[in-house]
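For reference, the structure is listed below as structure tokens.
Each value in this text was obtained by applying a stated rule to the coordinates, not by laboratory testing. This structure is a prediction, so every number in the text was calculated from the model and none was measured. Quick reminder, even Gly has a Cβ in these numbers, built from the backbone with ideal geometry, and neighbours come from all protein chains shown.
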Amino acid sequence: MAGEVRRTYRVGRLAAMDTTGGLLGRLRTWARKQAAEYAGDEDRPLSGYLQLMGLYTAGTLGAAAAAKLLGRRAPNGLTPWDVVQLGVASQRLSRLLTKDPVTSPLRAPFTRYEGLSAPGELHEEVRATGFGHSVGELVTCPMCLSQWVATGLCAGLVLAPVPTRLVLATFTAVAGADYLQHVYVALQQATD
């Protein structure tokens with residue numbers, strides 16, 4: 001009797017797996033069709049974007065799990081100064097990662113150098129395909145990457161507040177210095 005129950009259970013499991021496999025196959029076919037119709041003649045790697053969304057979600061959940069394991073709690077509220085520093089530091093760090101010549105080795109596997117886009121900033125085009133194309137778009141777009149940077153900085157405020165505040169202060173100061181450099185150059189040109 002027990003052997004018969006086990007055999008029935010296995011057959012039932014195999015049937016369920018077959019049904020699930022069929023369902024997954026149909027879902028994959030549907031997703032590929034949607035991606036092809038969406039992209040048209042362009043290279044729009046929706047599966048790569050989906051993978052990046054999964055990485056972002058996994059990273060965010062991982063940071064939340066780490067905070068829980070370490071007994072860290074999110075601040076009850078951020079001061080307006082915290083929000084300003086987060087915004088300015090996220091913008092500056094995002095531009096550093098996506099446009100600075102010094103960080104180009106991080107982008108090189110996904111991009112091709114095309115020239116300068118502004119003083120001290122590079123213009124690069126995405127050269128990778130599939131998931132690499134999606135990563136290339138992320139690492140060349142300061143506005144796209146800023147969400148990832150801001151999320152990382154917010155996680156840092158929970159997991160390691162003291163060093164994160166130092167990072168916030170550093171990149172806020174760098175952004176201020178950049179602004180002052182532009183003001184200096186404009187004033188210098190106005191007097192020439």
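Results, tabulated for the structure shown:
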| read-out | value |
| --- | --- |
| Solitary cysteines of the chain, where the nearest other Cys Cβ is not under 4.7 Å | C154 |
| Peptides 38-45, 88-95 ordered by average Cβ neighbours within 10 Å, highest first | 88-95, 38-45 |
| Karplus (6.51, -1.76, 1.60) ³J(HN,Hα), θ = phi - 60°, over the range 63-72, in Hz, Gly and Pro reported as x | 5, 5, 5, 4, 4, 5, 4, 8, x, 8 |
| Cβ-defined net charge surrounding A39, 13 Å radius [Lys, Arg +1; Asp, Glu -1] | -1 |
| Convex hull of Cα atoms in the chain, direction-averaged projection (nm²) | 18.7 |
| Per-residue HN-Hα couplings for the range 175-192 [Karplus 6.51, -1.76, 1.60; θ = phi - 60°; Hz; x = Gly/Pro] | 4, x, 5, 4, 4, 5, 4, 5, 4, 4, 4, 5, 5, 5, 5, 5, 8, 7 |
| Ordering of 171-181, 73-83 by packing [mean C-beta count within 10 Å, highest first] | 171-181, 73-83 |
| Estimated vicinal HN-Hα couplings, Hz - the range 87-98 in sequence order (Karplus 6.51, -1.76, 1.60; Gly, Pro = x) | x, 5, 5, 5, 4, 5, 5, 5, 5, 4, 6, 9 |
| Paired Rg and Dmax values of the range 31-109, which use every Cα atom, in angstrom | 18.3, 50 |
| Residues of the range 37-69 with amide N under 20 Å of the 7 Å Cα→Cβ point at T129 | 37-52 |
| FRET efficiency, 1/(1 + (r/R0)^6) with R0 30 Å, evaluated for T151 and S104 via beta carbons | 0.80 |
| FRET E, pair A169, A36, Förster distance 45 Å, beta-carbon r, rounded to 0.05 | 0.40 |
| Degrees, to the nearest 10: 2-39 long Cα axis against longest axis of the chain | 40 |
| Estimated inter-spin distance, V185 and L27, nm [label 7 Å along Cα→Cβ] | 5.1 |
| Pairwise FRET efficiency - M143 versus A58, Cβ, R0 = 22 Å, nearest 0.05 | 0.50 |
